[in-house]
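Written out below as structure tokens is the structure these notes cover.
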Amino acid sequence: MLRAEGISKDWKEFRLREISFEVNEGEHFVILGPSGAGKTVLLEIIAGIIEPDSGRVYLNGWDVTDLPPEKRGLAYVPQNYALFPNMSVYDNIAFGLKVRKVLKAEIERKVREISKVLGIEHLLHRKPKTLSGGEQQRVALARALAVEPPLILLDEPFANLDVQTRSRLIGEMKRWREELGFTALHVTHSFEEAVSLGDRVGVMLDGRLVQVGNVREVFSKPASEEVARFLGFENIIEGVAEGRKLKVNGVEIELPIEARGRVRVGLRPEDIILSPEPVRTSARNEFKAIVEAIEELGPLVRVRLSLGDLSLTAFITRSSMLELGMEKGREIYVSFKASALHVF
Amino acid sequence: MRRDYTLYLFASLGSFLIAYIALPLVIIFAKQLMDWEMLVKTLHDPYVIEALRNSLLTATATALIALLFGVPLGYVLARKEFPGKSLVQALVDVPIVIPHSVVGIMLLVTFSSAILDSYAGIIAAMLFVSAPFTVNAARDGFLAVDEKVEAVARTLGASRLRVFFSVSLPIAFPSVASGVIMTWARAISEVGAILIVAYYPKTAQVLVMEYFNNYGLRASRPISVIMVAISLVIFVLLRWLVGRASKER
């Protein structure tokens with residue numbers, strides 16, 4: 001659907017280097033990187049607002065690199081939402097349709113339909129400046145989706161919202177995508193967004209796309225030291241939840257909250273406890289695992305473990321490594337509290 | 001309660017200027033009211049009416065021309081970096097630093113008989129000295145328009161021109177409008193360059209001078225009063241309209 005090939009650009013303090021990736025039809029592709037990595041520049045190159053120094057952008061097989069933004073038809077939602085302050089919410093959402101000379105009645109129908117899905121019907125007559133951050137975000141999304149773009153470009157869509165609104169809207173976003181079925185390229189610095197929404201994720205560091213893959217794979221197998229350091233060595237476990245139980249390849253994990261369906265949970269390596277014998281406390285998830293690899297990182301030691309198909313990374317101190325007599329291939333008991341799990 | 005003496009001091013210093021501007025306005029109106037007969041006579045003087053009409057028409061034409069050429073220039077200055085931009089920028093401000101009699105001489109040397117003693121000449125003189133207000137106000141107005149807003153409008157399928165008219169210009173409207181009003185005000189108050197380029201057709205500004213030179217203060221005062229009244233009313237009214245329009249957003 002969208003293919004970026006070897007995009008490079010020097011722009012202000014940003015340096016993009018040879019960025020290549022592909023977004024598939026119907027996918028939510030997340031580019032994850034710290035601020036200053038050049039994510040916005042990349043998005044604006046794809047939208048056609050900035051010209052790349054080199055590299056090509058293909059849309060459905062067509063080379064669109066030399067087309068202006070209005071000829072590409074990709075909808076863009078910038079971080080500040082950039083609503084048109086001189087128009088009502090209705091006119092904001094209708095803008096792209098009016099440009100396309102859609103019939104008035106049809107515009108009205110589309111605007112109402114999309115506003116209903118996004119829950120902003122009651123705001124249609126308002127001016128953007130009177131809206132809250134969460135409302136503005138939804139209006140910006142409605143405006144972008146109204147023209148049914150092949151791909152929607154989201155720049156940190158949740159960054160300007162307070163914590164509660166953010167987590168509510170992230171949940172909503174999943175539902176909107178199911179109902180409206182759009183393809184999204186989403187850039188963010190937030191792991192939560194990447195893990196909650198991303199089908200696949202690309203990690204961008206210092207203007208390079210250093211790793212692309214499905215979310216679990218990227219988080220559990222960082223391709224390099226710098227990716228691992230950036231991701232904070234998070235363990236991402238994916239499984240099917242039923243109430244407070246998460247089933248992962250035959251392993252049953254107790255969750256801190258009720259959940260249902262396919263979910264991902266995160267577990268920080270320092271929250272994993274290793275012991276030679278079972279501990280037998282009630283509030284704990286406890287499993288038998290095999291030590292796959294040991295890496296010494298100064299005072300800390302990183303231990304890679306496998307529980308059948310599931311692999312986990314844990315941190316222990318050097319002294320506990322010696323105490324445990326840790327070595328490759330050894331069987332060991334892994335435990336962690338349910339409350340240490342973060343359900344995305 | 002502690003008193004803020006600094007602000008009191010500043011306010012009393014500042015009121016000097018306010019009084020200095022307000023006083024002549026009040027005095028000239030007051031004196032003219034005591035000489036009602038002369039005012040009525042002046043209002044029936046066809047020369048005066050003709051001159052006032054000329055002033056208003058040429059100033060309005062000047063403002064419209066400044067709008068047509070100044071707004072696009074302001075937009076380019078706000079949006080584009082190009083070699084020689086600072087030169088262009090400086091050139092826009094040049095009319096403000098040149099004595100207006102010199103402006104008249106320059107225009108006459110350049111365009112000679114094409115503008116001599118004609119409406120075109122009056123407008124040429126007015127435009128030269130007043131266009132910078134529109135250009136600068138438009139530029140500042142467009143600089144305040146978020147470029148992301150324009151970018152989004154384009155991704156939604158609108159051409160640059162359409163984005164300009166449906167997004168950028170409406171957002172920058174209050175700024176552009178007050179620039180055009182300033183241009184109009186500066187144009188109607190211009191006299192130095194007009195005296196040299198186009199003494200005829202006679203404008204009210206020139207007529208004031210002529211009456212003063214030929215018949216003295218008493219004869220020139222009523223026209224001045226009428227001129228001030230008309231200019232102020234239009235100026236205040238336009239500013240109020242623009243202020244109201246921009247507050248509605």
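The values are calculated or read from the model by the stated rules, or taken from the named source; none is laboratory data. Here the structure is a predicted model, which is why all the values come from computation and not from measurement. Note that each Cβ is placed from the backbone with ideal geometry, even for glycine, and that neighbours are counted across all protein chains shown.
One line per residue, one yes/no per condition, for (1) surrounded by fewer than 23 Cβ atoms within 10 Å (Cβ to Cβ); (2) more than 19 Å from residue A:211 (Cβ to Cβ):
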{"residue": "A:5", "(1), (2)": "yes, no"}
{"residue": "A:11", "(1), (2)": "yes, yes"}
{"residue": "A:22", "(1), (2)": "yes, no"}
{"residue": "A:30", "(1), (2)": "no, no"}
{"residue": "A:35", "(1), (2)": "yes, no"}
{"residue": "A:42", "(1), (2)": "no, no"}
{"residue": "A:45", "(1), (2)": "no, yes"}
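When you look at residue B:187, is it small (Gly, Ala, Ser), crowded, with 21+ Cβ neighbours inside 10 Å and more than 14 Å from every other protein chain (Cβ to nearest Cβ), yes or no? Explain how you work it out, then say what you get.
Values: small (Gly, Ala, Ser): yes; crowded, with 21+ Cβ neighbours inside 10 Å: yes; more than 14 Å from every other protein chain (Cβ to nearest Cβ): yes.
When the stated conditions are applied, residue B:187 passes them.
For the range A:122-144, a residue qualifies if it is away from chain B (no Cβ under 14 Å), surrounded by 14 or more Cβ atoms within 10 Å (Cβ to Cβ) and more than 28 Å from the chain's Cα centre (by Cα), and the qualifying residues are A:123, A:124.
The set of residues from the range A:1-15 being assigned to a strand (DSSP E or B), within 25 Å of residue B:153 (Cβ to Cβ) and touching a residue at least 40 places away in the same chain (Cβ under 8 Å) comprises A:2, A:4, A:7, A:9, A:14. When the residues of the range A:78-92 are filtered to those that are more than 8 Å from every other protein chain (Cβ to nearest Cβ) and of a type in the set (Phe, Trp, Tyr), the one that is surrounded by the fewest Cβ atoms within 10 Å (Cβ to Cβ) is A:90.
So which residues in the range B:140-159 are more than 8 Å from chain A (Cβ to nearest Cβ), within 26 Å of residue A:76 (Cβ to Cβ) and not in a loop (DSSP other than H, G, I, E, B), if there are any at all? Please lay out each step first, then the result.
Initial filter on the range B:140-159 (more than 8 Å from chain A (Cβ to nearest Cβ)): B:140-145, B:147, B:150.
After this cut, where a residue has to be within 26 Å of residue A:76 (Cβ to Cβ) as well, the list is B:141-145, B:147, B:150.
Residues satisfying the conditions are B:141, B:142, B:143, B:147, B:150.
The strands (runs of 3 or more DSSP E) located wholly in the range A:254-344 that include 2 or more residues which are of a type outside the set (Ser, Thr, Tyr) and loosely packed, with under 12 Cβ neighbours inside 10 Å occupy A:284-297. For the range B:204-249, the candidate set comprises residues that are outside any helix (DSSP H, G or I) and within 14 Å of chain A (Cβ to nearest Cβ); within that set, the residue that is modelled with the highest pLDDT is B:248.
Among the residues making up the range A:127-137, a single one is free of Cβ contacts under 8 Å to residues at least 40 places away in the same chain and touching a Phe, Trp or Tyr at 6+ places or on another chain (Cβ under 9 Å): A:133.
Taking the options A:179, A:121, A:113, name whichever one is acidic (Asp, Glu) and within 30 Å of residue B:247 (Cα to Cα).
The conditions single out A:121.
So, residue B:20, is that one in a helix (DSSP H, G or I), of a type in the set (Phe, Trp, Tyr) and either touching a Lys or Arg at 6+ places or on another chain (Cβ under 9 Å) or surrounded by 15 or more Cβ atoms within 10 Å (Cβ to Cβ) (or both) or not? Reasoning before the result, please.
On the way: in a helix (DSSP H, G or I): yes; of a type in the set (Phe, Trp, Tyr): yes; either touching a Lys or Arg at 6+ places or on another chain (Cβ under 9 Å) or surrounded by 15 or more Cβ atoms within 10 Å (Cβ to Cβ) (or both): no.
In short, no.
Out of the range B:223-247, which residues are closer than 30 Å to residue A:87 by Cα and either surrounded by 12 or more Cβ atoms within 10 Å (Cβ to Cβ) or in contact with a helix residue (DSSP H, G or I) (Cβ under 8 Å, 6 or more places away or on another chain) (or both)?
First, the residues of the range B:223-247 that are closer than 30 Å to residue A:87 by Cα: B:234-247.
The answer is B:234, B:235, B:238, B:239, B:241, B:242, B:243, B:245, B:246.
Restricting attention to the range A:65-77 and to residues that are within 8 Å of chain B (Cβ to nearest Cβ) and outside any strand (DSSP E or B), the residue that is farthest from residue A:135 (Cα to Cα) turns out to be A:68.
Listed by first and then second residue, the pairs with beta-carbon distance under 9 Å, at least 6 apart or on different chains, first residue in the range B:166-183 and without any contact (Cβ under 8 Å) to a residue 40 or more places away in the chain, second outside any helix (DSSP H, G or I) and of a type in the set (Gly, Ala, Ser), are B:166/B:158; B:167/B:158; B:171/B:144; B:172/B:144; B:175/B:144.
Taking the conditions exactly as written (within 28 Å of the chain's Cα centre (by Cα), charged (D, E, K, R), within 12 Å of chain B (Cβ to nearest Cβ) and surrounded by fewer than 21 Cβ atoms within 10 Å (Cβ to Cβ)), does residue A:148 satisfy them or not? Even if it seems obvious, please write down each step before you answer.
Details: within 28 Å of the chain's Cα centre (by Cα): yes; charged (D, E, K, R): yes; within 12 Å of chain B (Cβ to nearest Cβ): yes; surrounded by fewer than 21 Cβ atoms within 10 Å (Cβ to Cβ): yes.
The answer is yes for residue A:148.
Evaluation of residue A:134 against the conditions (1) within 25 Å of residue A:48 (Cα to Cα); (2) at pLDDT below 95; (3) assigned to a helix (DSSP H, G or I) shows that the sole unmet condition is (1).
In the range A:41-64, the residues that are away from every other protein chain (no Cβ under 14 Å) reach residues that are of a type in the set (S, T, N, Q) with C-beta atoms within less than 6 angstrom, at least six apart or across chains, in these pairs: A:53/A:8; A:54/A:8; A:55/A:8; A:56/A:65.
Does residue A:36 satisfy being in contact (Cβ under 8 Å) with a residue 12 or more places away in the chain, touching a Ser or Thr at 6+ places or on another chain (Cβ under 8 Å) and on the phi > 0 side of the Ramachandran plot?
On the way: in contact (Cβ under 8 Å) with a residue 12 or more places away in the chain: yes; touching a Ser or Thr at 6+ places or on another chain (Cβ under 8 Å): no; on the phi > 0 side of the Ramachandran plot: yes.
In short, no.
Give just the number: which of (1) among the aliphatic types (A, V, I, L, M); (2) touching a helix residue (DSSP H, G or I) at 6+ places or on another chain (Cβ under 7 Å); (3) farther than 16 Å from residue A:177 by Cβ does residue A:103 not satisfy? Just one mismatch for residue A:103, condition (2).
Out of curiosity, is residue A:254 more than 30 Å from residue A:21 (Cβ to Cβ) and touching a strand residue (DSSP E or B) at 6+ places or on another chain (Cβ under 6 Å)? The answer is yes for residue A:254.
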